[in-house]
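These notes are about the structure you will find just below.
The values are calculated or read from the model by the stated rules, or taken from the named source; none is laboratory data. Computed from a predicted structure; not experimentally measured. Here the Cβ positions follow ideal geometry from the backbone for every residue, glycine too, while neighbour counts run over all protein chains shown.
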Amino acid sequence: MEKTVSTRSMIFTLYGDYISHYGNAIWIGSLIRLLKEFGHNEQSVRAAMSRMSKQGWVQSEKKGNKSYYSLTDRGEARMDEASKRIYKLESPEWDGAWRMLIYTIPEEKRHLRDELRQELIWSGFGALSTSCWITPNPMEQQIKRLVEKYEVGSYVTFFRATHEGMSDHASLVEKCWDLDKINERYSEFIKEYSQDFIIDKHNIVKGDLSDGSCFVKRALLVHQYRKFLFIDPSLPQELLPEKWIGDSAAHLFGEYYRILEKPATRFFESVFEQG
């Protein structure tokens, strides 16, 4: 079992993959029981939920003597965006336009600038220059939410533009993103999970893999694949290199996820219903 997965990261994974599809709320007791499967104790779960609540990701509600936690609007928006990118099997089509965000955030607000930069990276933007970020994807709604969240409307300018030169699109992409490095990471993912996929598929058919084991394997698979959200800008097919293997990794993830889905869901429901 992977011991380095933080409690907070695994909670995000469970919300995105399970809880948001079951009414968005979960009894803290059920969450504690689920996370016990990954080696997280009650104290770490309660501490992580408290931090996530203060950060605006989740909110709590009392029903009798039980506490239930659900995603906030901000949390739901993040999960929706993440799900669209995680579960896509092929790169999106391109409308030919570039979205460009330029900010001039003063030094005394540099903490906002740093947080905004991290959000832009997560959303797939690439840095064309220090304060100029671009993406070929339609990110208008996400940018609106970011500007409102950090209250930086007076410091930000956003364009939908065409690239007229002086270099070609490939050179522009190369300047903003290291696709070779991302391709290497996808290659490592395929090498690591291809054999496990074959073995687990065989064991599930034979009935040699418990529902609890499938639940853990599926959650850890999603957790590992979710890391690509922080490095892969999800570029359209037209802008990807010829030997791009991101789509192959996506198909492996999708197939592995599918064979684990039914037994993993059975285990989740058996615990979730206890609340």
Discussion item. Taking the criterion of being buried (at least 19 other Cβ atoms within 10 Å of the Cβ), touching a residue at least 24 places away in the same chain (Cβ under 8 Å), out of contact with any strand residue (DSSP E or B) (no Cβ under 7 Å at 6 or more places or on another chain) and polar (S, T, N, Q), would at least one residue in region 1-14 satisfy it?
Written reply: yes
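Within region 25-69, count every residue that is acidic (Asp, Glu) and outside any helix (DSSP H, G or I). Talk me through it step by step, then tell me what you get.
Just the residues of region 25-69 that are acidic (Asp, Glu), to begin with: 37, 42, 61.
Checking the rest, the ones that are also outside any helix (DSSP H, G or I) come to 37, 61.
Residues meeting the conditions: 2.
In region 41-55, which residue that is in contact (Cβ under 8 Å) with a residue 40 or more places away in the chain and closer than 8 Å to Ile11 by Cβ is farthest from the chain's Cα centre (by Cα)?
Residues of region 41-55 in contact (Cβ under 8 Å) with a residue 40 or more places away in the chain: 47-48, 51-52.
Subsequent filtering for residues that are closer than 8 Å to Ile11 by Cβ retains 48, 52.
On the way: Ala48: 18, Met52: 16 Å.
My answer is Ala48.
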Worksheet, complete the sentence: Of (1) surrounded by 16 or more Cβ atoms within 10 Å (Cβ to Cβ); (2) of a type in the set (D, E, K, R); (3) in contact (Cβ under 8 Å) with a residue 60 or more places away in the chain, Glu238 fails just (1)
Discussion item. For the structure I just gave you, tell me whether Ser154 is crowded, with 17+ Cβ neighbours inside 10 Å and not aromatic (Phe, Trp, Tyr).
Written reply: no
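Just one of Lys144, Lys88 is out of contact with any Cys (no Cβ under 9 Å at 6 or more places or on another chain) and assigned to a helix (DSSP H, G or I); which is it? Steps first, answer last, please.
On the way: Lys88 fails: assigned to a helix (DSSP H, G or I).
Just one listed residue meets the conditions, Lys144.
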Fill in: Single condition Asp208 does not satisfy, out of (1) assigned to a helix (DSSP H, G or I); (2) modelled with pLDDT under 95; (3) more than 20 Å from Glu93 (Cβ to Cβ)
(1)
Worksheet item: Quick one: would you say Arg110 is at pLDDT below 90, loosely packed, with under 12 Cβ neighbours inside 10 Å, among the charged types (D, E, K, R) and part of a helix (DSSP H, G or I)?
Response: yes
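Of the residues Glu81, Glu119, Glu115, only one is of a type in the set (D, E, K, R), outside the structural domain of Tyr186 (by TED's automatic domain parsing), surrounded by 12 or more Cβ atoms within 10 Å (Cβ to Cβ) and in contact with a helix residue (DSSP H, G or I) (Cβ under 6 Å, 6 or more places away or on another chain); which? Please lay out each step first, then the result.
Details: Glu81 fails: in contact with a helix residue (DSSP H, G or I) (Cβ under 6 Å, 6 or more places away or on another chain); Glu115 fails: in contact with a helix residue (DSSP H, G or I) (Cβ under 6 Å, 6 or more places away or on another chain).
The unique qualifying residue is Glu119.
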Discussion item. Just checking, does region 213-226 include any residue being at pLDDT 95 or above and among the hydroxyl-bearing types (Ser, Thr, Tyr)?
Written reply: yes
Discussion item. Could you tell me how many of the residues in region 84-98 are surrounded by 17 or more Cβ atoms within 10 Å (Cβ to Cβ) and within 21 Å of the chain's Cα centre (by Cα)?
Written reply: 3
